[in-house]
Each structure stands twice: as C-alpha cells, then as structure tokens.
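Single-structure report; data block below.
The values are calculated or read from the model by the stated rules, or taken from the named source; none is laboratory data. Since the structure is predicted, the reported quantities are computational estimates derived from the model, not experimental observations. In this analysis, Cβ positions are derived from the backbone assuming ideal geometry, glycine residues included, and neighbour counts consider all displayed protein chains.
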Amino acid sequence: MPQGRGSPRRFDEVRRLSLDASPLAWLDGHEPPFLLFHGMADTLIPVSESEMLLQKIIESGGQASLITVAKARHGFFGWPSSPQEQATWQQTLDFLDAQGVGTK
C-alpha cells in the first residue's frame, strides 16, 4: 500500500521531526540565557507554551526570563513607535547589558 499523506508512517515521521525541532528536545543546561516575550492576545500559540519553555530551561539548569506583553498578538513587533514595542526593545537591551554584551 502506498505511503501517502495520511499514512501511519508519514504521521510518525512528521511527529519525530516536530519533536526534534522543539527547543525542549535540546535543553541540557548549557544554553545561553533566554529572554522570552509572549503577547497575551496571541491566538496562535498559548502563553502556557512559553511558560512551559521557561520552566524547562530553568529545570535543566539554564537561565531564562519571560515577559508577557498585554494586548500583543503573535509576532507583535512592527508597531511603529508604540509604547509596547519601545518597552520590549528597552527590556531586550537591558537583558543584553545584564549578560555583559555591552549594548550601552
């Protein structure tokens, strides 16, 4: 029988590739610090996904921070001169400074 789109073999392959692509699969405590942003109005990815990633990074021995942005949707950057975008950029610069990257 041909292995088409709906075949169990194809499903298993897609599932394996999806799991391999997940950042959760690669956490070992040797990651650089993470700064996560999540829009609270995101209808594509629930904030619980970012909360789970935050928890798993910390559990693996890594460092991470999660900043939620009120009323922001998925991919919320691109709001020209909005106070929210300006705040997230400043939070990003502050995070990088705290890591010793030297943005100032």
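Overview of values
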read-out: Considering residues of region 68-95 that are touching a Leu at 6+ places or on another chain (Cβ under 7 Å) and either modelled with pLDDT under 90 or not hydroxyl-bearing (Ser, Thr, Tyr) (or both) only, the residue nearest to SER22 (Cα to Cα); value: HIS74
read-out: SER48 being of a type in the set (Ser, Thr, Tyr) and at pLDDT 90 or above; value: yes
read-out: GLN55 being over 17 Å from LEU24 (Cα atoms) and either in a helix (DSSP H, G or I) or in contact with a helix residue (DSSP H, G or I) (Cβ under 7 Å, 6 or more places away or on another chain) (or both); value: no
